[in-house]
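A.B. asks: Quick one: this structure, given as structure tokens, is what I'll be asking you about.
The values are calculated or read from the model by the stated rules, or taken from the named source; none is laboratory data. Since we're looking at a predicted model, the values are computed, not measured. A quick note on method: Cβ atoms are made from the backbone with ideal geometry, for glycine too, and the neighbour counts reach across all protein chains shown. These accessible areas exclude ligands, DNA and RNA; they are computed on the full protein's heavy atoms, side chains included. Shrake-Rupley method; radii C 1.70, N 1.55, O 1.52, S 1.80 Å.
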Amino acid sequence: MSRNLNTEISNYALLIFLGAIWAASFVAIKFSNLIFNPIEVGFYRTFIGSIFLFLAVKFRGGSISLFSENTRIYSLVGLLNASIPFTLLPYGLITLPSNIGVIILSANPFFALVLAHFFTLDEKLSFRKIIGSIIGFSGVVFAVGVEIFVSDWDSLISALAIYVGASSYVISNLIIRRISHLPSDMVTMNTLFWGSIWLLPLVLIYGNFQNIEFSYIPVFAIIYLGVIPTGLAFSLRQVLIRNAGSTFMMQVGYIIPIFGVFYGWLFLNEKVGYSLIISVLLVVMGIGISRIRVPIKE
């Protein structure tokens, strides 16, 4: 009983940690967009992340196998988990503020619940999960506010770009379960390597290599995106999927906006009112309801 409780606490701690890291990535993307276009942001983030994990795997003495029996899975996950979202999110955040981006991202658990119901054996939909998701999503709305509606065509396209990118994460979570038994840093390194390959032709065509600007904040933001929320956090993400399942991991979408609002207050002087406190309570309640285990009477 104690071991199960410790495991559950560890899973929640890791979930919150990932939420904090990925929320900061929205701020980093906004800074990166100052001098890099979305394709450049996606490529540099993916490439830096793959190099970081290559060094991590070599440091621990792991084997480097970029071409193996799992290459097709690595390639597909790299496309869905890196190339597509890492490009579409910066594109959407050119027009939309970061708080709109995180509220769109928070819709992920709904999509994850539906896909997991049909494509997994151990993560079926239940009334309790649906109610918990609705409560958690309500908390997100309180956190970000009611300003989630777009008012023009450009904003609509940007919102759709963020949603497609976020949905791509959900699909990749289900696929990555097939290789979740492998070392997390090696899997993430391989998927990011293939993500870079997918984006390489695009960055060669659309990258700005002639009028190169240099600014410390955007460059530092790109390095942060590659190392922390990509290289490190994506490896931890695989560990969480292996331990608790993809539906549990996707509940990070409820936590990201909470930290996103905090970072907005910290770095952008945005106001924090009672809505943030209410949102925290609703998010915790929603996650708790969706994850509580009801004993089955025999």
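A.B. asks: Of the conditions (1) at pLDDT below 70; (2) of a type in the set (Val, Ile, Thr); (3) assigned to a helix (DSSP H, G or I), residue 175 satisfies every one except a single condition; which number is it?
C.D. replies: (1)
A.B. asks: Identify all residues within the range 23-37 that are open to solvent by 20 Å² or more (accessible area, probe 1.4 Å) and over 14 Å from the mean Cα position of the chain (by Cα); write none if there are none.
C.D. replies: Across the range 23-37, the qualifying residues are 30, 31, 33, 34, 35, 36, 37.
A.B. asks: Within the group 82, 20, which residue is open to solvent by 10 Å² or more (accessible area, probe 1.4 Å), small (Gly, Ala, Ser) and modelled with pLDDT of 80 or more?
C.D. replies: 20
A.B. asks: Considering only residues that are surrounded by fewer than 23 Cβ atoms within 10 Å (Cβ to Cβ) and of a type in the set (Val, Ile, Thr), which ones fall in the range 228-262?
C.D. replies: 228, 239, 241
A.B. asks: Go through the range 116-128 and report how many residues are in contact with an Asp or Glu (Cβ under 9 Å, 6 or more places away or on another chain) and either modelled with pLDDT of 70 or more or surrounded by fewer than 22 Cβ atoms within 10 Å (Cβ to Cβ) (or both).
C.D. replies: 1
A.B. asks: From 222, 217, which residue is in contact (Cβ under 8 Å) with a residue 24 or more places away in the chain, over 24 Å from residue 285 (Cβ atoms), open to solvent by 50 Å² or more (accessible area, probe 1.4 Å) and assigned to a helix (DSSP H, G or I)?
C.D. replies: The match here is 217.
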